[in-house]
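One structure is given here, and the rest of the page talks about it.
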Amino acid sequence: MNLKRYRVNNIKEALKFIKRDLGPDALIVSTRQVKEGKGAFGMFGKTMLEVTAAPGEKKKNSAVSKVPATKALEAYSGGADTVENALADTFMRPQKNSTLSVTDQTRNMMLPIQKELQGIRLTLGDLTSQTNAFDDHLVGELKHELGEMRHMLHVLASRTGNLSDPDLPENLLLLYQQMKFSGLEEKFARRLVMEAQRNMTEEDLENFAYVKIFLARMLMKIIKITRGLEGLKPSQRIVALLGPTGVGKTTTVAKIAAEQMRKYKRKVALISVDTSQRSSAEQLRSFAKMIKAPFSVVKDKAELNRLISKYEDYDSIIIDTDGCSQRNDAQLFEMREIFDERGRIHNSLVLSATSKDVDMNEVTRKFGCMPIDSIIFTKLDESATYGSLFNHAIRFKKPLSFLTLGQKVPEDLEIASRERLVDLLLNISGT
Ligand SMILES: Nc1nc2c(ncn2[C@@H]2O[C@H](COP(=O)(O)OP(=O)(O)OP(=O)(O)O)[C@@H](O)[C@H]2O)c(=O)[nH]1
Ligand SMILES: [Mg+2]
């Protein structure tokens, strides 16, 4: 490939040379900052921009024509040491096995650049406010350079088919990236920012805090909640926790029972449905003893019905169940026999926030053979991002009842609220 390399002061200068030498369809293959000599800037030398470009491809729509720009981003973000290696890498890599599309790869590679831009923008803000310490002229130049970089990023993005990102105003673009980085599915994030763009004035879009609040309001409308057990009719305060193994069902039963007793001063009874005869009920038995609540183990629906009648004058009945793999159809069938009745028992599906989206989806679909009235997300303390909670809420439209944030009983239990969920995604309280 006929590559040409230029050392220039800024991207504008490079574009002028590239257009002159390689024509208007030329592709920028890579850009990187290089130091030149030790010169006037003391030990740091002068920083120049090195831009490598190639003539435009003839077949514009071929997959290969998109490759150089994609790799350019990787080279820029430190993924490949030279432009040639970057290109060689790309052509050698078996494209069919890649699980990400070119566009997705590009988006992922653009994240560090966008973060860098965000960092520069913040630093510039600081510099501008310290006018005594810094030369206005230097700040002006840096701003100009930042503008060039942003432009270059947009050009690269549009060349790889990522056309809608550059159309977003800067604040929306940053929040769009933030939401995606937090694991919110791209199509959901895109829908949200597009809707926000349609409904906000240009002036409002320039105010970052305002844009964030606007998105937060939209997200809050998506989330349904039960307010813990408070949204349930008192006669329905019979709650069963269902879900896969080890997600924290028994611990959460204990937390809810303790909260019902201590905070709401309610009479609580505990039941464990033991279908697998693993005697895992012992943990709950000793807890029940500690909080002085009646506790029973049942094996089938008839026994469960009898007990619920026996505990008729109790305010809340909390039912623990055995962990059941979503792939164990026989056990799921048994559970369904017991919990298929709509309305009388509130079935809460317990999911760990640390699970992958695909697994949560499979679990929810398989447990959907029983009525699922609410979702409890556990182990939020062990998760770094929370987009998957929104993906689930948007996809299945199930109300959330509780969140758990640690192993401590009863402290690490929270009634799920819209504000809390949105804060986890957008970090409203941290701004
Ligand atoms: N970090 C963290 N750990 C939790 C949380 N909730 C439960 N755990 C821990 O997760 C482990 C499993 O909890 P259990 O309550 O026994 O889970 P389970 O769903 O009842 O498990 P099975 O009955 O075997 O299916 C225990 O070590 C709990 O302390 C939470 O919110 N955060
Ligand atoms: Mg358990």
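The values are calculated or read from the model by the stated rules, or taken from the named source; none is laboratory data. Bear in mind that the values here come from a model prediction, so they are computed numbers and not experimental data. Heads up, the Cβs are rebuilt from the backbone with ideal geometry, glycines too, and the neighbour counts pull from every protein chain shown. The accessibility values were calculated without ligands, DNA or RNA, using every heavy atom of the protein model including side chains. Shrake-Rupley method; radii C 1.70, N 1.55, O 1.52, S 1.80 Å.
See the values below:
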read-out: For the stretch 174-197 and the stretch 362-431, distance of Cα centres in Å; value: 19 Å
read-out: Cα-based Kirkwood hydrodynamic radius, the stretch 234-426, one decimal, Å; value: 16.7 Å
read-out: Inter-label distance for E206 and D300, nm, one decimal - labels placed 7 Å from Cα along Cα-to-Cβ; value: 7.3 nm
read-out: Sites matching GluC sites (Glu not before Pro) across the stretch 354-431 that sit in DSSP coil, with at most 13 neighbouring C-beta atoms within 10 Å; value: E411
read-out: Approximate spin-label separation F17-T385, in nm, with each point projected 7 Å along Cα-to-Cβ; value: 3.8 nm
read-out: Gain in span if fully extended, R342 to I213, counting 0.36 nm per residue against the direct Cα distance; value: 42.7 nm
read-out: Amide proton proximity set for A416, modelled H, under 5 Å, gap of 5+; value: G228, F402, L403
read-out: K255, K379, reordered so the largest accessible area comes first (probe 1.4 Å); value: K379, K255
read-out: Amide H contacts of V350 (H built 1.01 Å from N, under 5 Å, at least 5 apart or other chain); value: L242, G243, I376
read-out: Global form of the stretch 168-222, assessed from the alpha-carbon gyration tensor, a/c cut-off 1.5; value: prolate
read-out: Projected label distance in nm at N2 and Y264, using a 7 Å step from Cα toward the beta-carbon; value: 7.6 nm
read-out: Too-long pairs where the Cα-Cα distance tops 20 Å, listed order kept, from K249/K310; K310/K408; K249/K356; K267/K310; K299/K397; K249/K398; value: K249/K310; K310/K408; K299/K397
read-out: Amide proton proximity set for V273, modelled H, under 5 Å, gap of 5+; value: V298, D320, T321, D322
read-out: Linear extension gain, R327 paired with N199, 0.36 nm per residue minus alpha-carbon span; value: 41.7 nm
read-out: Length added when fully stretched, F181-M290, from 0.36 nm per residue minus Cα-Cα; value: 34.9 nm
read-out: Rounded Å value of the spacing that divides the Cα centres of the stretch 305-331 and the stretch 201-251; value: 25 Å
